[in-house]
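Quick notes on the structure that follows.
Just so it is clear, none of the values below were taken in a lab; they were calculated from the coordinates. Treat the numbers as computed from the prediction; the structure is a model and nothing was measured. For neighbour counting, all protein chains shown are included, and Cβ atoms are generated from backbone atoms with ideal geometry for every residue, glycine included.
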Amino acid sequence: MCMLDADLCDVYNSATMRRFTIAVVVGCSSITLTGAQAPPAAAPFTVEQILSLPTPDNLIASPMGSTIAWTFDERGVRNIYAADGPDFVPRKITNNKDDDGQELTNLSFSSDGKTIVYVRGGDHGGSRPGDPPNPTAEPTAPKMQVWAVASTGGSAPTLLGDGDRPIISPDSTRVAFTRDRKIFVVPIDGSKPPEGSAGPLIALRGASESPVWAPDGKTLAFVSNRGDHSFIALYSSGRPIRYINPKTTHDEDPVWSLDGKKIAFVRTPGTGGAPRSPLEEPQQSWSIMVADVATPDDPVTVATSGEPIDQIARSPVGLDVRWAADDTLVFFSYRDGWQHLYAIRHPGKTGDDASKPALLTPGNFMVEHVTLTPDRRAIVYNANTGSDDGDVDRRHLFKVSLEAPNAKPVAITTGAGIEWGPVVTGDGKTIAFVSADAKRPPVPAVAPIGGGMPRLVAADHIRQDFPTEQLIVPQAVVFNASDGAEVHGQLFRAANRRTRGPAIVYVHGGGPRQMLLGWHYRWEYANDYAINQYFASRGFIVLSVNYRLSVGYGAAYEFPEHAGARGASEYRDIQAAGLYLQRRPDVDPRSIGIWGASYGGYLAALGLGRDADVFAAGVDLHGVHDRLPAVSPSTLAHAIVGDGITEDQLKEALDVEFKSSPISTIDTWRSPVLFVHGDDDRTVDFRQTIELRSRLVAKGVKVEDLVLPDEVHDSLLWRSWVKTASAAGDFFDETLKAKR
């Protein structure tokens with residue numbers, strides 16, 4: 001009896017395949033398989049069609065009324081849209097017309113709902129957001145600028161100044177923002193130049209960042225970052241800067257209480273201390289502190305990472321401390337082994353009345369995107385859980401009350417869709433979010449907060465030639481790595497696939513990410529999902545791997561030992577994916593490729609170098625190829641003088657880091673590779689590709705490259721994505737189908 005899906009069992013028994021016979025064993029029994037030249041798995045479509053999905057992002061809700069706003073990236077043209085309840089008919093707020101690579105980010109409504117403030121330009125996914133990229137190679141380089149525009153539309157935006165990270169004052173009259181590591185304040189109508197234009201508003205050394213207005217608008221809390229330590233500082237016009245309990249620590253993420261009398265912040269150790277072996281697993285202890293603004297020198301510790309250390313999420317979530325109603329702090333923690341929400345009532349109280357963190361979202365799943373209702377008495381969040389086993393690889397929305405002890409979360413969405421980025425309208429009646437599924441690309445949606453059928457907003461932005469009905473619904477698969485661990489993935493296989501043919505392993509970037517059974521909530525991975533669908537339409541089976549380091553499966557899966565430069569232990573999961581495909585009777589074991597970007601490029605390169613018998617060709621997008629820089633000069637110096645690290649320990653670390661790098665695999669690398677890299681990458685040095693390519697060319701490996709001048713890590717231009725996907729598809733056609 002066949003233990004695989006019905007379509008795959010049909011492959012075994014198809015009477016139409018007559019050209020050759022191979023005996024294979026797949027879990028249950030020895031099966032005779034015949035094969036023929038594989039036709040396309042689905043009706044083909046173009047790269048331009050599949051990458052024409054509208055990408056919504058930055059969804060926000062006005063504090064007043066029922067207005068929502070978001071950005072759309074449509075074939076590289078980025079604009080802001082808004083819609084008012086109850087009908088939520090979209091209107092265009094900005095009028096950009098070109099694929100110019102200029103991001104629209106950091107959207108926020110004024111408290112009166114009349115104005116939207118945003119940032120145009122920059123590279124917020126890179127390590128130098130203050131250095132605006134110029135992907136179109138304009139003679140005059142673009143700037144990163146703060147703008148304001150009426151939420152009703154119909155008027156041109158107003159430039160407020162060059163800068164980033166705008167924060168609107170509670171009275172809707174001023175905007176604080178950062179530029180060149182300093183803080184500026186400007187009228188929201190742009191009627192005057194920013195305060196501090198002739199010099200910094202706050203004349204402190206280091207970087208002044210992350211400003212937050214007090215509820216009364218009279219004080220700015222901000223982070224004064226001194227490099228190896230940082231302080232929480234308070235600025236009020238006409239008064240000296242005040243610091244909250246300055247220590248040798250990194251103090252960050254200030255959050256005002258609703259009455260403005262207290263500030264919560266996160267404290268982590270300062271940079272330094274006794275040198276440690278580079279092979280020691282990283283841990284980040286933390287404390288949540290609460291300080292009375294009237295007596296800032298005596299803060300209270302209300303929560304800690306404990307022992308063993310409760311990790312801070314490596315994704316942008318972090319602890320995400322928020323102040324809710326009834327003097328309640330809400331934050332993320334892994335203290336039960338999953339990324340969950342916890343609440344502390346009346347933080348700072350001592351004695352018998354002291355509150356311990358209470359779990360709000362129990363269960364074996366991960367909470368990710370969170371918003372408070374306008375009254376701050378309930379939380380709406382998304383999580384990878386639901387009534388279907390496949391929901392571990394999806395996202396659904398839930399609501400939980402903060403008022404009732406041990407309140408049970410209530411599901412808002414269910415089914416085979418994927419929902420993220422929830423916000424609640426200012427009138428408290430509607431939850432807005434982004435919705436997608438395996439075929440339909442993401443668009444905004446709304447649902448009554450009290451329950452009811454969700455409905456789509458702006459679905460007409462899905463182009464008429466978008467190949468929705470031609471797309472594949474990926475299947476959840478689980479297979480075992482060499483150490484016995486279960487590895488999670490999604491398989492793209494057309495239902496009409498009846499013959500043995502080529503396959504591709506896809507490796508996502510980042511590490512702390514999770515690919516889903518449908519369109520992804522991050523635009524760059526939505527593009528990757530589109531490319532996987534494109535490969536499947538060209539006759540490839542595609543396996544997307546959520547290797548260890550990925551989120552969504554618990555802390556033990558997300559924080560494995562000996563990963564990355566400390567041993568690349570997560571590579572076992574990539575190897576297992578290739579072997580899983582080799583064992584499938586619908587895959588030609590000689591024709592398996594691999595592709596990935598960034599961290600995915602790193603693991604793809606390891607696969608090509610270590611397992612040429614598994615991976616016959618690969619596409620490496622801006623991957624890391626040399627992990628040796630993880631040993632810092634200070635570590636080397638300490639080792640030389642014998643301060644805490646022995647020479648043998650250092651040699652072991654250097655050896656492990658070298659063997660964890662693709663450059664160590666040159667002697668066994670035989671498979672052809674296509675390198676794709678933007679030469680203004682601020683995340684992975686372009687030299688990483690130059691170095692590996694040079695070594696492979698010298699050895700005689702077939703190498704192709706596609707260089708994207710002036711592009712950053714995640715290409716900002718739509719046409720760069722089209723060029724990349726086209727080149728990758730052609731490369732796999734040439735290298736994998738030619739083997740048949």
**Fill in**
Neighbours of residue 169 by Cβ distance under 13 Å: Lys/Arg at +1, Asp/Glu at -1, summed charge -3
**Message:** Sorting check: for 138-148, 378-388, 552-562, which peptide has the highest mean count of neighbouring beta carbons within 10 Å, and how do the rest follow?
**Reply:** 378-388, 552-562, 138-148
**Complete:** Mean Cβ-within-10 Å packing, highest first, puts peptides 389-396, 447-454, 665-672 in the order 389-396, 665-672, 447-454
**Message:** Give me the one-decimal nm value for the distance between modelled label points at residue 495 and residue 667, 7 Å along each residue's Cα-to-Cβ direction.
**Reply:** 5.1
**Message:** Counting each pair of different Cα atoms once, what's the Kirkwood radius of the chain in Å, rounded to one decimal?
**Reply:** 27.4
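Show that you can apply the helix-only estimate: for the chain, add -39,500 (n - 2.57) for every DSSP H stretch of four or more residues, divide by all residues, and state [θ] at 222 nm to the nearest 500.
-4500 deg cm²/dmol
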**Fill in**
Note, residue 261: beta-carbon cut-off 12 Å, +1 each Lys/Arg, -1 each Asp/Glu, net -3
**Asked** Taking only C-alpha pairs under 8 Å that are 6+ residues apart, what is the relative contact order of the stretch 359-467 in percent?
**Response** 18
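Please go through the residue pairs 192/247; 97/723; 182/261; 218/349; 114/429; 92/218 and name each one whose alpha carbons sit more than 31 Å apart in this structure. Working shown, then result.
Numbers: 192/247 38 Å; 97/723 20 Å; 182/261 25 Å; 218/349 27 Å; 114/429 19 Å; 92/218 34 Å.
Over 31 Å Cα-Cα: 192/247; 92/218.
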**Asked** Can you sort 521, 243 by how many other beta carbons sit within 10 Å, fewest first?
**Response** 243, 521
**Prompt:** Residues with beta-carbon under 14 Å from that of residue 220, excluding residue 220: net charge, scoring Lys, Arg +1 and Asp, Glu -1?
**Reply:** +2
**Message:** What Kirkwood Rh does the stretch 131-266 have if only Cα atoms enter the pairwise 1/r average? Answer in Å.
**Reply:** 16.1
**Message:** Which order do the peptides 434-441, 543-550, 698-705 come out in when sorted by mean C-beta neighbours inside 10 angstrom, highest first?
**Reply:** 543-550, 434-441, 698-705
**Fill in**
The residues 191, 169, sorted from fewest to most surrounding Cβ atoms within 10 Å, come out as 191, 169
**Prompt:** By count of other Cβ within 10 Å, fewest leading, how are 64, 289 ordered?
**Reply:** 64, 289
**Asked** For the stretch 518-600, what relative contact order do you get, as a whole percent, if you take Cα pairs closer than 8 Å and at least 6 residues apart?
**Response** 16
**Label-point separation in nm, residue 298 to residue 375, each point 7 Å along Cα→Cβ** = 3.6
**Request:** Using amide H atoms built 1.01 Å from N in the peptide plane, name the residues 5+ places from residue 435, or on other chains, whose amide H lies under 5 Å from its own.
**Result:** 443, 445
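If contacts are Cα pairs under 8 angstrom and at least 6 residues apart, what is the relative contact order of the chain in percent?
11
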**Message:** Quick check: Cα centre of the stretch 591-606 to Cα centre of the stretch 161-212, how many Å?
**Reply:** 42
**Item:** Contour minus Cα-Cα distance for residue 138 and residue 697 (0.36 nm per residue)
**Value:** 197.9 nm
